[in-house]
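A short worksheet on the structure shown next.
The values are calculated or read from the model by the stated rules, or taken from the named source; none is laboratory data. Keep in mind that what you see is a predicted model, and the values were worked out from it rather than measured. A quick note on method: Cβ atoms are made from the backbone with ideal geometry, for glycine too, and the neighbour counts reach across all protein chains shown.
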Amino acid sequence: FMLFFNQYINRFLLHGQLIEMIWTILPAIILLFIALPSLRLLYLLDEINEPSVTLKSIGHQWYWSYEYSDFNNVEFDSYMIPTNELSNDGFRLLDVDNRIILPMNSQIRILVTAADVIHSWTIPALGVKVDGTPGRLNQTNFFINRPGLFYGQCSEICGANHSFMPIVIESV
């Protein structure tokens, strides 16, 4: 504000091409030295080395299909158990008729896709969330370090019965 009412003007005050080039090019070079090794590490961390089990999950409206591709193509569908058919020890809106059974203390790769609309395969207790997109196969890996049941749901709004797509993993 005071520059406009100042009677003394320095000709180097408003035009500093050298310093402007320095403060533009130097941070760009520093960012390149940070970004290039980081991108290499990002791709190396995404690579899954020798998983014990590979599970393929296919999202449908409104159920999940699973394939254990390592074991002679074992395939099954997993539907939510309706409330009127639920046993006394089951969880309402979370139990399924066919659970995923996975080994404990082993590296597991999951491949997720969808047959119709975008779904999201999520198990919060394991820290896993993978989007299932029609025509695309997304993968991630996780490690289960304790036995038990792990519950999850589709976490992408995929239609009218979106909240009725539970996921149950039984770790043995």
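Among the conditions (1) among the small types (G, A, S); (2) assigned to a loop (DSSP other than H, G, I, E, B); (3) touching a His at 6+ places or on another chain (Cβ under 6 Å), G90 misses just one, which is (3). When L94 is tested against (1) in contact with a strand residue (DSSP E or B) (Cβ under 7 Å, 6 or more places away or on another chain); (2) within 26 Å of G135 (Cβ to Cβ), only condition (2) is not met.
Yes/no per residue for (1) without any contact (Cβ under 8 Å) to a residue 40 or more places away in the chain; (2) farther than 22 Å from V130 by Cα; (3) surrounded by 10 or more Cβ atoms within 10 Å (Cβ to Cβ); (4) of a type in the set (V, I, T):
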| position | (1), (2), (3), (4) |
| --- | --- |
| L31 | yes, yes, yes, no |
| D46 | yes, no, yes, no |
| S52 | no, no, yes, no |
| S57 | no, no, yes, no |
| Y63 | no, no, yes, no |
| Y68 | yes, no, yes, no |
| V74 | yes, no, yes, yes |
| S78 | no, no, yes, no |
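Of all the residues in the stretch 131-156, those that are assigned to a strand (DSSP E or B) and of a type in the set (D, E) number 1.
Within the stretch 39-70, restricting attention to residues that are within 18 Å of the chain's Cα centre (by Cα) and charged (D, E, K, R), the residue that is modelled with the highest pLDDT is K56.
For the subset of the stretch 10-24 comprising residues that are assigned to a loop (DSSP other than H, G, I, E, B) and modelled with pLDDT of 65 or more, which member is surrounded by the most Cβ atoms within 10 Å (Cβ to Cβ)? Steps first, please.
Applying the first criterion (assigned to a loop (DSSP other than H, G, I, E, B)) to the stretch 10-24 yields 10-16.
Next, from what is left, pick out any that are modelled with pLDDT of 65 or more: 15-16.
Details: H15: 9, G16: 11.
Within the stretch 10-24, the match that is surrounded by the most Cβ atoms within 10 Å (Cβ to Cβ) is G16.
Out of curiosity, is E85 closer than 17 Å to F142 by Cβ, loosely packed, with under 12 Cβ neighbours inside 10 Å, over 19 Å from the mean Cα position of the chain (by Cα) and not aliphatic (A, V, I, L, M)? No, not satisfied.
Looking only at the stretch 94-117, filter to residues that are β-branched (V, I, T) and crowded, with 16+ Cβ neighbours inside 10 Å; which one of those is farthest from V172 (Cα to Cα)?
Narrowing the stretch 94-117 to residues β-branched (V, I, T): 96, 100-101, 108, 110, 112-113, 117.
Among the residues that remain, those that are also crowded, with 16+ Cβ neighbours inside 10 Å are: 96, 100, 108, 110, 112-113, 117.
On the way: V96: 17, I100: 11, I108: 13, I110: 17, V112: 22, T113: 25, V117: 32 Å.
Per the stated criteria, the residue is V117.
Of all residues in the stretch 155-170, none that is more than 15 Å from S57 (Cβ to Cβ) has its Cβ atom under 7 Å from the Cβ atom of a residue that is at pLDDT below 90 and part of a strand (DSSP E or B), 6 or more apart or on another chain.
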